[in-house]
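**Q** The structure follows.
The values are calculated or read from the model by the stated rules, or taken from the named source; none is laboratory data. Note that this is a predicted model, so its numbers are computed, not measured. Using ideal geometry, Cβ is built from the backbone for each residue, glycine included, and neighbour counts are taken over all protein chains shown. Calculation scope for accessible area: heavy atoms of the full protein, side chains included, ligands and nucleic acids excluded. Shrake-Rupley method; radii C 1.70, N 1.55, O 1.52, S 1.80 Å.
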Amino acid sequence: MLEATGAAAVVRDVLLRDGSTLRLLAPTPADFEDIKAFYDGLSPESLYFRFHGSARTDRVARAEAEATGSDRFALIGRLAGRVVSAASYDVLRERGVAEVAFAVADEHQRRGIGTRMLEQLAEIAAERGIHRFDAEVLAQNQRMLGVFEHAGFGVRRRGSFGEVTVSLDITPSEAVRERVTERDHLAAVAALRPFLAPSSIAVAGAEATPGNIGYAALSNIISGGFQGVAAPVNRDGSLVCSMLAARSLSELPWTPELVVIAAGGQDLLDFAAEAATCGARAVLVLSDGSEQMDEPRVQIDERLLEILRGSGLRMVGPSSLGVLNTADDVSMNATFSGAAVQAGRLAIGSQAAALGLGLLGHAAARELGVSLFVSLGRRADVSTSDLLECCEADVRTAAVLLYVETFGDPQRFTRVAKRVARTKPILVVKGGRHRQQVRTERSQTAAALRGEAVFDALLRQAGVLRFHSGEDLFHVAELFESQPLPRGREIGIISNSAAAAIVAADACMSRGLNVSAASKVQNPIVLGIAAGPGEYEIAIRDLLGDAGIDAVLVSYVDHHGGDPVAVLEAVSAACGQQSKPVAASVVGGDGRLPERTRGAIPNFPFPQSCAEAVARAAERRAWLSRPLGQCPSFPEVDGVAAHALVASILDREPDGRWLSLGELESLLAMYGISFAPSRRCGDVEQAIAAARAVSGPVVLKADFAAPAHASEIDAVLLGLDGASAIRAGWRELRRRVFAAGRQWDGATVQRLEEPGADVLVGVVRDPDLGSVVALGLGGRQAGLGNSIACRLPPTTDVEADELIDACAEVAAQLDGYPSGHPLDREALRELVLRFGLLLEGVPEAVEADLNSVRCRRDGCVVLDMRMRIERRMRPERVKTW
């Protein structure tokens, strides 16, 4: 959301078509001369297209520099200190309509700058109640017309006398989001190319001293057979790896595409500044940066970004282990790792350098080939999501292994991971304990969401497989690298030991796999302790040929005179080109795994490892088999009014607060969420009058300030009918409230709804993940036991159904247990989706309970509700991808 601090507070970084960045800012009067210089520097053709003839550039520059942000708003793009683009809109007399215009410096056209500025202007304008942009474009200005046509907005054109009036519907829509996502993907891939396939590398800070990470990185680059040019740079100009170092980047006889910085302190910032001015495309920061600087790491990161983003450069790090690309035409190992990595199909990413070392080492020890490796470090710029975008486009990569601790932009990670996981498995080990928010007053949702369940839900929703040990991670990676996914969960087992077969069967069943009788052969197949390669080959062909078997688990217990190497080779040969996965536990008598040959099936130390790997493969198959779902369309939603309501409250009370009952009812109504109206009553006579207006039995509840609920002390009475019942109920509620040591503030009256299942639907803003929606048993049972499920706000009908099904207790009641009468699942699904739209439109909602939501046979209605809002402070700089 755009802050009310004025136009000058807006700073947004956008990603361009070639992978570079551009900083967009709302100008101030101090920018006048730079804006005028930009317009004066345009070619005659560009000036003509922008102004349709002659124009005083000083007047336009003054107007844009002094844009107030109310009737007029402007953005300028700065690169290397110069203004290279300008865009603005002016509100017209027609309500909700503004005229838009922009221009891009001639030498920077065709980079996607105009499209990105249009995206940002449209987003800002939509937040301010503008729904349409109009633009007057000369008919021969095909480039500008193309920008409008391809931006993704609904476009209407009408022309006369050589001019075309273009009208854009800038209301946020799925079509626009799809176009933006496509542009972000292509730009992110282009941005990582200079890191992973540079033509030239300079290692700044490399010195021939013990323990110097720059020296180690340069040595790896040279010994790894890098197919480009590489050189050291240090202030002494000393000899490094038999090469004389340049004293600065500008002294190099060629322009480095990638600059690797291994220096700390002020040298780090100085080398970054040199990279920004010498024409480099990317910067990889190996050092921590804080070794010789008395500044917090976050400030160092900000200073680096200030230097690099101003010139359009991207950065990996700081505190990166480095990057690696085993492609034959690149052969780059720009890490300071000692692992001997071979080429293969696994991409590895890590936020922590130490864990990155471990992942590379494990891959090398297991002889698993790596396609790409990126140690992201502190992720000041290039993120885990950026890496996933690159892995999706890399044809050599079959699976992605990640070590993550936090998600900088969980919504983007989920969106990107969902798409990538459709074609390539993503395996994650997550480190770092989840931070718990400590609050003296909390909603029931906030109290119920505990521990790592939120992260598990996020990853599951994105189709990501989470692991708690590196061993399991690599076992599953090995299976994914070489084996197809199972069609189902029916497992065949072959062993030469009955005891080992029982262990394997138990391991399968405990992980949700079925070891049922095969239709053609016995299952499990126990061959006898003396069975050799021939018996195994025949048995595995029989099981793989059985239509009732989806995967095969092979176990071999070595005996005196046995040959585990031959058994493993026979099993691998029997698998051939089969479309079913096979995992083996073939172990020698000394406890060691036989040496693998190329094309051998995955071989693990224990049958349990085989079962775990196959179970995770079946989990992935189930996720891939689920329908994609449909995004809801609720045209009656009034997000503009909702934004205005919340903004007006926060203007008066900047610290935020719990919404009043009336405010929250208004907000729900704007999103079409049905609720049972309540009337607050200060005395019993008001309660009697309110009950008469309902005309039927009512509910009387003690009125507590949010987030407290009357149900906490059983201060709720149902089915009261008539004045005498209301009077008696009023006295009883007062007694209960005073007995509980609470303050009596009156009661609320509400119509008694027909019976059904009570459900809690709520949200809490997690410090790492953003809005997390929870669903579970409602009423007095809210938050009890494990009766709550959570996800990021569902955006499709399938995601809403998965949230509902994740809470078994709620799903059972909807299906008719124990009443025998199914309830309206579709209505609850719609409520969850509308609630998700509310959270998207009102990100200031940091905590909320809809408790209870009464699910009936023919609909759902909210009976009680709480919501707390806080002003969301926009960071000084905004990464828009």
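**Q** Give SER495, SER482 a once-over and let me know the one that is within 30 Å of GLU367 (Cα to Cα), open to solvent by 50 Å² or more (accessible area, probe 1.4 Å) and of a type in the set (Ser, Thr, Tyr).
**A** Details: SER495 fails: open to solvent by 50 Å² or more (accessible area, probe 1.4 Å).
After ruling out the rest, the residue left standing is SER482.
**Q** Which one is modelled with the highest pLDDT, of the residues in segment 521-546 that are β-branched (Val, Ile, Thr), open to solvent by 60 Å² or more (accessible area, probe 1.4 Å) and not in a helix (DSSP H, G or I)?
**A** VAL526
**Q** Limited to segment 218-238, what total is found for residues that are open to solvent by 10 Å² or more (accessible area, probe 1.4 Å) and within 17 Å of SER200 (Cβ to Cβ)?
**A** Summing the residues that are open to solvent by 10 Å² or more (accessible area, probe 1.4 Å) and within 17 Å of SER200 (Cβ to Cβ) in segment 218-238 gives 10.
**Q** Please go through segment 277-312 and give me each residue that is aliphatic (A, V, I, L, M), open to solvent by 20 Å² or more (accessible area, probe 1.4 Å) and closer than 24 Å to VAL14 by Cα, ordered by number. Break it down stepwise before answering.
**A** Here is the first cut: in segment 277-312, the residues aliphatic (A, V, I, L, M) are 280, 282-286, 293, 298, 300, 304-305, 307-308.
Keeping just the survivors that are open to solvent by 20 Å² or more (accessible area, probe 1.4 Å) gives 293, 298, 307.
VAL298, ILE307, listed by residue number.
**Q** Right, another one. Could you grab me the full set of residues in segment 718-748 that are among the hydrophobic types (A, V, I, L, M, F, W, C) and assigned to a strand (DSSP E or B)?
**A** Within segment 718-748, LEU718, LEU720, ALA747 meet the criteria.
**Q** OK, next. Counting just the residues of segment 555-567 that are in a helix (DSSP H, G or I) and β-branched (Val, Ile, Thr), which one comes out nearest to ALA517 (Cα to Cα)?
**A** Across segment 555-567, the extreme among qualifying residues is VAL567.
**Q** Only one of (1) open to solvent by 30 Å² or more (accessible area, probe 1.4 Å); (2) of a type outside the set (Asp, Glu); (3) modelled with pLDDT under 95; (4) more than 19 Å from VAL846 (Cα to Cα) is not met by ALA600, so which one is it?
**A** (1)
**Q** Any residue that is open to solvent by 20 Å² or more (accessible area, probe 1.4 Å) and more than 30 Å from PHE604 (Cα to Cα) - is there at least one of those in segment 354-374?
**A** Checked segment 354-374: no residue is open to solvent by 20 Å² or more (accessible area, probe 1.4 Å) and more than 30 Å from PHE604 (Cα to Cα).
**Q** Could you list, in sequence order, the residues of segment 275-302 that are of a type in the set (A, V, I, L, M) and in contact (Cβ under 8 Å) with a residue 12 or more places away in the chain?
**A** Once the filter is applied, which keeps residues that are of a type in the set (A, V, I, L, M) and in contact (Cβ under 8 Å) with a residue 12 or more places away in the chain, segment 275-302 yields ALA275, ALA276, ALA280, ALA282, VAL283, LEU284, VAL285, LEU286, MET293, ILE300.
**Q** Taking the condition of being farther than 19 Å from VAL203 by Cα and either hydroxyl-bearing (Ser, Thr, Tyr) or without any contact (Cβ under 8 Å) to a residue 24 or more places away in the chain (or both), how many residues in segment 303-327 meet it?
**A** Residues flagged as farther than 19 Å from VAL203 by Cα and either hydroxyl-bearing (Ser, Thr, Tyr) or without any contact (Cβ under 8 Å) to a residue 24 or more places away in the chain (or both) within segment 303-327 amount to 3.
**Q** Another question, then. For residues in segment 643-698 being under 31 Å from the mean Cα position of the chain (by Cα) and among the aromatic types (Phe, Trp, Tyr), which is farthest from ARG751 (Cα to Cα)?
**A** Filtering first and then ranking leaves TRP658.
Per-residue answers, yes or no, for (1) at positive phi; (2) touching a helix residue (DSSP H, G or I) at 6+ places or on another chain (Cβ under 8 Å); (3) of a type in the set (Asp, Glu):
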| residue | (1), (2), (3) |
| --- | --- |
| ASP294 | no, no, yes |
| ASP301 | no, no, yes |
| ARG309 | no, no, no |
| MET315 | no, yes, no |
| LEU346 | no, yes, no |
| ALA364 | no, no, no |
| GLU367 | yes, no, yes |
| ASP381 | no, yes, yes |
| SER385 | no, yes, no |
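**Q** To continue, here is another question. Return the residues of segment 30-60 that are more than 24 Å from GLU163 (Cα to Cα) and of a type in the set (A, V, I, L, M, F, W, C); say none if nothing qualifies.
**A** Of everything in segment 30-60, those that are more than 24 Å from GLU163 (Cα to Cα) and of a type in the set (A, V, I, L, M, F, W, C) turn out to be ALA30, PHE32, ILE35, ALA37, PHE38.
**Q** I'm trying to understand the selection: among the residues of segment 749-789, which are open to solvent by less than 10 Å² (accessible area, probe 1.4 Å) and either in a loop (DSSP other than H, G, I, E, B) or not small (Gly, Ala, Ser) (or both)?
**A** Residues satisfying the conditions are VAL749, GLN750, VAL759, LEU760, VAL761, VAL763, LEU769, VAL772, VAL773, LEU775, GLY778, SER787.
**Q** Suppose the filter is modelled with pLDDT under 95 and farther than 18 Å from ALA74 by Cα; does GLU163 pass it? Step through it out loud before you land on a result.
**A** Numbers: modelled with pLDDT under 95: yes; farther than 18 Å from ALA74 by Cα: yes.
Yes; evaluated as a whole, the condition is true for this residue.
**Q** Please tell me if ALA26 is in contact with a Pro (Cβ under 8 Å, 6 or more places away or on another chain) and of a type outside the set (Phe, Trp, Tyr).
**A** No.
One line per residue, one yes/no per condition, for (1) at pLDDT 95 or above; (2) acidic (Asp, Glu):
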site: VAL11; (1), (2): no, no
site: VAL14; (1), (2): yes, no
site: ASP18; (1), (2): yes, yes
site: LEU22; (1), (2): yes, no
site: ASP31; (1), (2): yes, yes
site: ALA37; (1), (2): yes, no
site: PRO44; (1), (2): no, no
site: GLY53; (1), (2): no, no
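**Q** Moving to a separate point now. State yes or no: is ALA705 of a type in the set (A, V, I, L, M) and within 30 Å of ALA845 (Cβ to Cβ)?
**A** yes
**Q** Could you check GLU295 against (1) at pLDDT 95 or above; (2) farther than 26 Å from ALA190 by Cα and say which number it fails?
**A** (1)
**Q** Kindly establish whether VAL552 is touching a residue at least 40 places away in the same chain (Cβ under 8 Å) and assigned to a strand (DSSP E or B). Please lay out each step first, then the result.
**A** Numbers: touching a residue at least 40 places away in the same chain (Cβ under 8 Å): yes; assigned to a strand (DSSP E or B): yes.
Criteria met by VAL552.
**Q** Kindly provide the set of residues from segment 447-483 that are of a type in the set (A, V, I, L, M, F, W, C) and at pLDDT 85 or above, ordered by number.
**A** LEU459, ALA462, VAL464, LEU465, PHE467, LEU473, PHE474, VAL476, ALA477, LEU479, PHE480
**Q** While we're on this one: Among ARG110, ARG78, which is the only one that is within 34 Å of the chain's Cα centre (by Cα) and not in a loop (DSSP other than H, G, I, E, B)?
**A** ARG78
**Q** Also: Among GLY779, GLY820, GLY762, which is the only one that is closer than 18 Å to SER852 by Cβ and at pLDDT below 90? Step through it out loud before you land on a result.
**A** Numbers: GLY820 fails: closer than 18 Å to SER852 by Cβ; GLY762 fails: at pLDDT below 90.
Going through GLY779, GLY820, GLY762 in turn, just one is closer than 18 Å to SER852 by Cβ and at pLDDT below 90: GLY779.
**Q** Now, a different point. Just a yes or no: is a residue in segment 180-196 charged (D, E, K, R), modelled with pLDDT under 95 and either within 30 Å of GLY279 (Cα to Cα) or surrounded by fewer than 21 Cβ atoms within 10 Å (Cβ to Cβ) (or both)?
**A** No, segment 180-196 contains no residue that is charged (D, E, K, R), modelled with pLDDT under 95 and either within 30 Å of GLY279 (Cα to Cα) or surrounded by fewer than 21 Cβ atoms within 10 Å (Cβ to Cβ) (or both).
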